[in-house]
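J.: I'd like to ask you about the structure that follows.
The values are calculated or read from the model by the stated rules, or taken from the named source; none is laboratory data. Treat the numbers as computed from the prediction; the structure is a model and nothing was measured. Glycine also receives a Cβ, built like all others from the backbone with ideal geometry; neighbour counts cover every protein chain displayed.
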Amino acid sequence: MLFDFFPSRRLTFYLAKLFITRILAMLFMLVLVLLALDLLGRTGDILAHPGNGEEELWKYASLRAPQLIQTFLQHSVLLATIFTLAGLNQNSEVTAMKAAGMSAHQILSPLLLTAAVVALVSFTFNERVVTRATATLKAWQDVEYGPIPEEAGTRSNVYLNDGNDVLMARSMSGKGADTVMTGVSFYHRDDAGMITQQVTGSRATFANPGWLVEDAKIFDVATTTSSEAEEPVMVAAGTTLGQVALRRVDPDAETLFQLADSITALKAAGRRTSELEGRWWHKISGPLAALLMPLLGAVAGFGLARSGHLFARAVIGMALGFAYFVVENAALAMGSFGGYPPLLAAWAPFLLFFLLGETVLIRTEE
């Protein structure tokens, strides 16, 4: 049996079932409590917009829940590992399995297999659900929980520079030559940075180059007079669509391939991409952290339960797991400032704690 990585089929299914039910229970509890607390803080802002009611509260909950699931799924795997192994140890099931000739790695193998499936589901869920929910929620928050423009690819609070001049828009939608801005404000500034003219309009279309502002109102600062243009006014002739595409990249709202395209475009424009590259790698290493949790929490499942050290072992396992999350966030922060290469910032904590977990398991149980 020592040469077989997995125990018997029945025991594998038994341990996997115990583990997955506890993961789901922990995740449900964490998401439910944190979502309720989040709603308490956001309800006033949501209901402050005229016309919002219970339906908008449920909408916020449906958009926020995927983010919470993404954030706390690995925490749930850690807690489920500790509760599963501690329970098995308390009932002498671990002792029975070791007496049957199973090694510590064989006991953990069904948990590791389940964690691998959870990691794959987490990655798919993040790519297909979380990114879309995040993009929609941020667009909704940008309009202060009001109506969201229906066009695909909508961006909020667009800000562009044309030399000293500034072009701002409440939202932008469409692609290529069909790009449209709404709620447009253009500020013409002199060499000293002082505003000399303001142009506002309800809508602006891309003129290649520049933008044509419709229903334009022009305010001249020097004469303090305002007028309404009879025809669309050309503004920001030096701006391009490439500036709009590169102005703001939200890695949480983009899939792995979309973020890769954004990084490539930013590099071509000479922009710094260390933070985005680190977040790109973290889209892979983040879900894989579920594989580490059974290893880091394994210390809770071994040792004699009657020795009175079970609680201490559970605390040690929990401390190792949460230490990983602290080191992971610190490494990503260092990577965003250029302290670490992006690849190292995303993968070093994973490899470090994998070696740490294996060392603790081998030295204490194997």
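J.: Can you find a residue that is part of a helix (DSSP H, G or I), touching a residue at least 12 places away in the same chain (Cβ under 8 Å), closer than 24 Å to Pro294 by Cβ and assigned by TED's automatic domain parsing to the domain that holds Ile284 anywhere in region 33-47?
T.: Scanning region 33-47, I find at least one residue that is part of a helix (DSSP H, G or I), touching a residue at least 12 places away in the same chain (Cβ under 8 Å), closer than 24 Å to Pro294 by Cβ and assigned by TED's automatic domain parsing to the domain that holds Ile284, so the answer is yes.
J.: Determine which member of the set Leu113, Leu79, Leu85, Leu137 is assigned to a helix (DSSP H, G or I) and within 28 Å of Pro50 (Cα to Cα). Explain how you work it out, then say what you get.
T.: On the way: Leu113 fails: within 28 Å of Pro50 (Cα to Cα); Leu79 fails: within 28 Å of Pro50 (Cα to Cα); Leu85 fails: within 28 Å of Pro50 (Cα to Cα).
Exactly one residue qualifies, and that residue is Leu137.
J.: Can Leu88 be described as closer than 15 Å to Ala290 by Cβ and either surrounded by fewer than 20 Cβ atoms within 10 Å (Cβ to Cβ) or not small (Gly, Ala, Ser) (or both)? So that I can check it myself, show each step before the final result.
T.: Values: closer than 15 Å to Ala290 by Cβ: no; either surrounded by fewer than 20 Cβ atoms within 10 Å (Cβ to Cβ) or not small (Gly, Ala, Ser) (or both): yes.
Here the answer is no, as Leu88 does not meet what is asked.
J.: Could I ask something else about it? Looking at (1) under 30 Å from the mean Cα position of the chain (by Cα); (2) surrounded by fewer than 21 Cβ atoms within 10 Å (Cβ to Cβ); (3) in a helix (DSSP H, G or I), which is the one condition that is false for Tyr340?
T.: (3)
J.: Counting only residues that are aromatic (Phe, Trp, Tyr) and not in a helix (DSSP H, G or I), how many does region 260-295 have?
T.: 0
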